[in-house]
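Enquirer: A single structure is presented below for examination.
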Amino acid sequence: MICEFCNGGTINKKVKRQHWLKGKLYIVENVDAEVCTECGERYFHAAVLDKIDKYLSMEHEVKDKVLVEVVNMEMR
């Protein structure tokens, strides 16, 4: 696959992905992705994203929980 941002080549790697589903944020480890060897852009096949949605929608093991800050950069 060719990166649409820098035209570099991609390799298949396992990565962490931040994934939103039904208003909840998850960090999913060991996700298959195509990663650009030049700029690092990551591409996920639709089947992989569907598999994540399905897994998170049912009872699943939770490895860890983290506290995440949400900030608003809008100028007041």
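The values are calculated or read from the model by the stated rules, or taken from the named source; none is laboratory data. Because the structure is a prediction, the values reported are computed rather than measured. Methodologically, a virtual Cβ is constructed for each residue, glycine included, from the backbone with ideal geometry; neighbour enumeration extends over all protein chains shown.
Enquirer: Under 6 Å between Cβ atoms, which residue pairs at least 6 apart in sequence (or on different chains) link something in the range 49-76 that is touching a residue at least 24 places away in the same chain (Cβ under 8 Å) with a partner that is surrounded by 10 or more Cβ atoms within 10 Å (Cβ to Cβ) and β-branched (V, I, T)?
Expert: Once the first residue is touching a residue at least 24 places away in the same chain (Cβ under 8 Å) and sits in the range 49-76, its partners that are surrounded by 10 or more Cβ atoms within 10 Å (Cβ to Cβ) and β-branched (V, I, T) give I52/V28.
Enquirer: For the range 49-67, name all the residues that are outside any loop (DSSP other than H, G, I, E, B) and either of a type in the set (K, R) or under 10 Å from the mean Cα position of the chain (by Cα) (or both).
Expert: Of the range 49-67, the ones outside any loop (DSSP other than H, G, I, E, B) are 49-57.
Correct list: L49, K51, I52, K54.
Enquirer: Shifting gears a bit: Considering only residues that are in contact with a Ser or Thr (Cβ under 9 Å, 6 or more places away or on another chain) and part of a strand (DSSP E or B), which ones fall in the range 21-41?
Expert: L21, A33, E34, V35, C36, listed by residue number.
Enquirer: Moving to a separate point now. Quick one: how many residues across the range 48-76 are surrounded by 10 or more Cβ atoms within 10 Å (Cβ to Cβ) and polar (S, T, N, Q)?
Expert: Qualifying residue count, the range 48-76: 1.
Enquirer: At positive phi and at pLDDT 95 or above: does that describe G8?
Expert: no
Enquirer: Go through the range 18-47 and report how many residues are exposed (fewer than 11 other Cβ atoms within 10 Å of the Cβ), under 22 Å from M1 (Cβ atoms) and either in contact with a His (Cβ under 7 Å, 6 or more places away or on another chain) or of a type in the set (A, V, I, L, M, F, W, C) (or both).
Expert: 2
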